[in-house]
């Protein structure tokens, strides 16, 4: 893996961070695809670590992810550049959208566009799930272990309303009690 220039890294975070919708998870998935698969600036393990830590960090998950991922690639200067590239343009856009929302709320075309984006966001969220789970799928026990932990976490959050910290703690306990089989 070769490190990019600061301007190239900043541009990537600016482009993806300001062209994805639906919150942090789809943005992190898009950044992961670019950073891991296309640019090879980050390995899957570092991506998964940054994603997981960002999800349990108080505050805005996407900012924590950007700081962790870009910091892993270019250190402190990369982390600062990535957070600013993702934050500043979207903050300006959020203010403009908020100001215009009252007039859009009665516009059926605008509401149709919003409904379309909701459906797309759901698809992108499932894409991010696949991106995170895929590296841990293999044959036999490894796949069963991944599916059961994933399914248990999903049920704990969805059906029983557990918040992320207990779900992550239970998943960590399950991972400790049922270690991943060694690759052969």
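The values are calculated or read from the model by the stated rules, or taken from the named source; none is laboratory data. Everything quoted here is computed from the prediction, not taken from an experiment. Methodologically, a virtual Cβ is constructed for each residue, glycine included, from the backbone with ideal geometry; neighbour enumeration extends over all protein chains shown.
The criterion of at least 3 residues that are closer than 24 Å to residue 172 by Cα is met, among helices (runs of 4 or more DSSP H) falling completely within segment 1-101, by 24-32, 44-56. Of the residues making up segment 113-120, none is modelled with pLDDT under 80, within 16 Å of residue 30 (Cβ to Cβ) and either outside any helix (DSSP H, G or I) or not assigned by TED's automatic domain parsing to the domain that holds residue 180 (or both).
Can you tell me which residue in segment 21-36 is nearest to residue 115 (Cα to Cα), limited to those that are in contact (Cβ under 8 Å) with a residue 40 or more places away in the chain and buried (at least 21 other Cβ atoms within 10 Å of the Cβ)? Within segment 21-36, the match that is nearest to residue 115 (Cα to Cα) is 26.
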